[in-house]
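Quick one: the structure is below, and I'll ask about it shortly.
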Amino acid sequence: MKARILVVEDERAIQIALSGLLRREGYEVMVAGSGEEAVAQLEANLIDLVITDLALGRGISGMDVLKAAKKLRPETVVVMITAHGSEKIAVEAMKNGADDYVPKPFDNDEIRLVVQRCLERTRLVRENRMLVEQVQRQYGYENLIGSGKKMQEVFSTIQKVSETDLTVLIRGESGTGKELVAQALHNRSGRRGRPFVAVNCAAISRELVESELFGHEKGAFTGADARRQGRFESAEGGTIFLDEIGDMAPETQAKVLRVLQERSFERVGGVKPIDVDVRVIAATHRNLEEDVKADRFREDLYYRLKVVELELPPLRERPEDIPALALRFLETVTERLGREKKQVGEDALARLARHSWPGNVRELQNVIEQAAVLTSGDTIGESDLRLSESVGVEPSAESYAADLPFSDAKKHAVSRFERGFLLRALRQNDGNISRAAESIGMVRQSLQQKIRELGLRSEDWTNGDDS
């Protein structure tokens with residue numbers, strides 16, 4: 001589709017020269033000989049780019065045309081033509097929203113370059129806006145984006161179970177958006193007017209988790225100077241989200257099981273049962289089936305939680321969603337920080353699509369937010385993305401230990417990947433576990449647990465040996 005350009009010029013010779021040049025370049029060109037005529041054209045037609053002289057004789061000026069164009073359609077690009085010596089006015093026009101200016105006398109190559117650059121910018125803005133509108137119109141989930149089959153299945157399940165009080169178990173790798181799904185289930189339920197309380201079970205120490213969940217009585221333990229309400233009581237009438245429930249200690253699992261069975265509990269140090277009306281949504285990145293077999297997770301609690309199961313795909317399995325997610329994160333961070341709006345260039349989108357995203361959606365968000373702050377121009381390019389080149393490189397056939405049975409070979413390959421990936425993160429952060437966990441989208445306690453499971457020691461990430 002040809003771009004439509006409006007040339008606003010009261011000098012007939014310049015108007016003919018400009019319109020002829022642009023038509024030869026393949027653009028659809030409209031002309032206006034006055035500011036009033038230009039505003040009428042803008043109101044009646046969809047214009048991609050306006051080239052207007054600042055001085056238009058009698059009547060409204062080029063500055064007025066600029067303001068009208070931006071008021072009617074903010075993404076319309078406006079290029080000002082200025083007379084020699086009127087650069088100060090041109091700067092004022094830029095402050096009022098002009099995208100560029102060309103001083104007289106100008107040559108054809110300069111006009112071609114300015115028009116090409118500005119139209120590319122407006123194309124990106126328009127495509128980004130249309131993409132956001134399409135996503136919001138098609139899916140209608142406040143903070144969830146997904147156009148592929150797997151995410152559509154997730155949305156369908158949310159639609160079906162949100163109005164019920166069924167317990168839901170959300171499964172997926174770290175950073176896939178499990179809390180967002182839990183929030184969507186709550187927001188679409190009959191409990192949406194009541195509290196949504198999220199608890200990261202892996203982020204609370206074993207000594208304090210019961211007090212955090214169920215509260216405590218005064219004097220229950222050293223430092224318990226007053227009665228304290230727990231998270232289950234805080235969620236009364238609403239929803240409690242138990243994130244990373246697979247990391248919960250066995251003794252606490254028993255108390256959660258009782259809440260699910262009897263809808264009551266006692267505070268730590270208390271004897272009086274407290275009735276509670278909450279919906280429980282749980283999430284984990286762990287293989288609970290293996291944890292049940294190894295007696296790390298209660299089988300009865302496992303079946304109580306797994307009434308409805310939602311599996312969130314990792315980002316590497318839904319590359320079609322990366323552009324929309326990147327755009328959402330970019331718009332959010334620029335609005336939050338009060339920065340000028342930016343676009344994601346096609347080369348950057350291609351690079352994002354090639355990345356393996358071990359940290360999933362959370363990693364993508366971090367990458368986009370970092371690029372939004374550090375990029376100096378109005379478009380994020382491939383060179384602005386801070387992505388690890390080593391992540392996503394396919395392991396060699398030998399690394400899979402092909403002489404082993406499939407399940408053993410898979411465990412071997414996963415273990416080698418996890419070991420190498422975590423060691424790189426720890427080295428990049430000088431052995432600081434908190435910073436390393438944040439950089440890869442994990443909570444500190446989960447990283448510590450994974451370090452213990454893999455048998456890693458501090459000397460492993462200081463001597464450079466990954467074997």
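The values are calculated or read from the model by the stated rules, or taken from the named source; none is laboratory data. Just so it is clear, the model here is predicted, and its values are computed rather than measured. For neighbour counting, all protein chains shown are included, and Cβ atoms are generated from backbone atoms with ideal geometry for every residue, glycine included. Calculation scope for accessible area: heavy atoms of the full protein, side chains included, ligands and nucleic acids excluded. Shrake-Rupley method; radii C 1.70, N 1.55, O 1.52, S 1.80 Å.
Evaluate the distance, in nm, between pseudo-label points positioned 7 Å from the Cα of Glu299 and of Leu21 along their respective Cα→Cβ axes.
In this crude label model, Glu299 to Leu21 measures out at 8.1 nm.
Computed from the mean reciprocal separation of all distinct C-alpha pairs, what Kirkwood hydrodynamic radius does region 263-381 have, in Å? Numbers along the way, then the final one.
Values: mean 1/r = 0.0551 Å⁻¹.
Taking every pair of different Cα atoms in region 263-381, averaging 1/r and inverting gives 18.1 Å.
Tell me, what is the FRET efficiency for Thr334 and Ala40 to the nearest 0.05, using R0 = 45 angstrom and their Cβ-Cβ distance as r?
About 0.85, to the nearest 0.05.
Measuring from centroid to centroid over Cα atoms, what is the spacing of region 47-126 and region 194-254 in Å?
60
Please give the helix 360-374 orientation as an angle from the longest Cα principal axis of the chain, in degrees from 0 to 90, rounded to the nearest 10.
It works out to around 40 degrees.
Need one number: nm distance between label points at Asp165 and Gln229, each 7 Å from Cα along Cα→Cβ, rounded to one decimal.
Distance between the two pseudo-spin positions: 2.0 nm.
Please give the length that would be gained between Asp109 and Asp347 if that part of the chain were fully extended, namely 0.36 nm times their separation in residues minus their C-alpha to C-alpha distance (nm, one decimal).
On the way: separation 238, 0.36 × 238 = 85.68 nm, distance 2.57 nm.
Additional length available on full extension: 83.1 nm.
Between helix 322-337 and the chain, what is the angle of the helix's C-alpha long axis to the longest principal axis, kept within 0 to 90° and rounded to the nearest 10?
For 322-337 against the chain, the angle is about 80 degrees.
Could you calculate the contour length gain from Glu262 to Arg4, that is, 0.36 nm times the residue separation minus the distance between their Cα atoms, to one decimal place in nm? Don't skip to the end; give the middle numbers.
Numbers: separation 258, 0.36 × 258 = 92.88 nm, distance 6.78 nm.
Net length gain for the segment: 86.1 nm.
Next question. Can you tell me the orientation of helix 108-139 relative to the chain, as the angle in degrees between its alpha-carbon axis and the longest Cα principal axis, to the nearest 10?
40
I would also like to ask the following. With a 1.4 Å probe and every protein chain left in place, work out the accessible area per residue of the chain in Å², rounded to a whole number. Intermediate results must be reported in sequence, preceding the final value.
Details: 23970 Å² over 467 residues.
For the chain, the solvent-accessible area averages 51 Å² per residue.
Could you put Lys2, Lys150 in order of accessible surface area, largest first, with the 1.4 Å probe and the full protein assembly present?
Details: Lys2 135, Lys150 100 Å².
Listed by decreasing accessible area, they come as Lys2, Lys150.
Taking the alpha carbon gyration tensor of the chain, what are the square roots of 5 times its eigenvalues, largest first, to the nearest whole Å? Could you put the intermediate results ahead of the total?
Details: eigenvalues 635, 152, 79 Å².
Largest first, the chain gives 56, 28, 20 Å.
Given the convex hull over the Cα atoms of region 205-299, what projected area results after averaging over all orientations, in nm²?
Numbers: hull surface 24.8 nm².
The orientation-averaged projected area of the Cα hull of region 205-299 comes to 6.2 nm².
Could the peptides 243-254, 100-111, 189-200 be put in order, highest first, of the mean number of other beta-carbon atoms found within 10 Å of their residues?
Working: 243-254: 19.3, 100-111: 14.0, 189-200: 16.9.
Listed from highest to lowest mean packing, they are 243-254, 189-200, 100-111.
Can you give me the relative contact order of the chain as a percent, contacts being Cα pairs under 8 Å and 6 or more apart?
So the answer I get is 11 percent.
How many percent of the accessible area of the chain is carbon or sulfur, using a 1.4 Å probe?
Numbers: 11760 of 23970 Å².
Heavy-atom surface of the chain belonging to carbon and sulfur, 1.4 Å probe: 49 percent.
If you don't mind, there's one more thing I want to ask. Over region 1-49, consider all pairs of different Cα atoms and compute the Kirkwood hydrodynamic radius from their mean reciprocal separation; express it in Å, one decimal. The partial results should precede the final answer.
Values: mean 1/r = 0.0921 Å⁻¹.
Over region 1-49, the inverse of the mean reciprocal pair distance is 10.9 Å.
Hey, another quick one. Could you calculate the FRET efficiency of Lys218 with Glu120 from 1/(1 + (r/R0)^6), where r is the beta carbon distance between them and R0 is 51 Å, rounded to 0.05?
Details: r = 67 Å, r/R0 = 1.31.
Efficiency computed from Cβ-Cβ geometry: 0.15.
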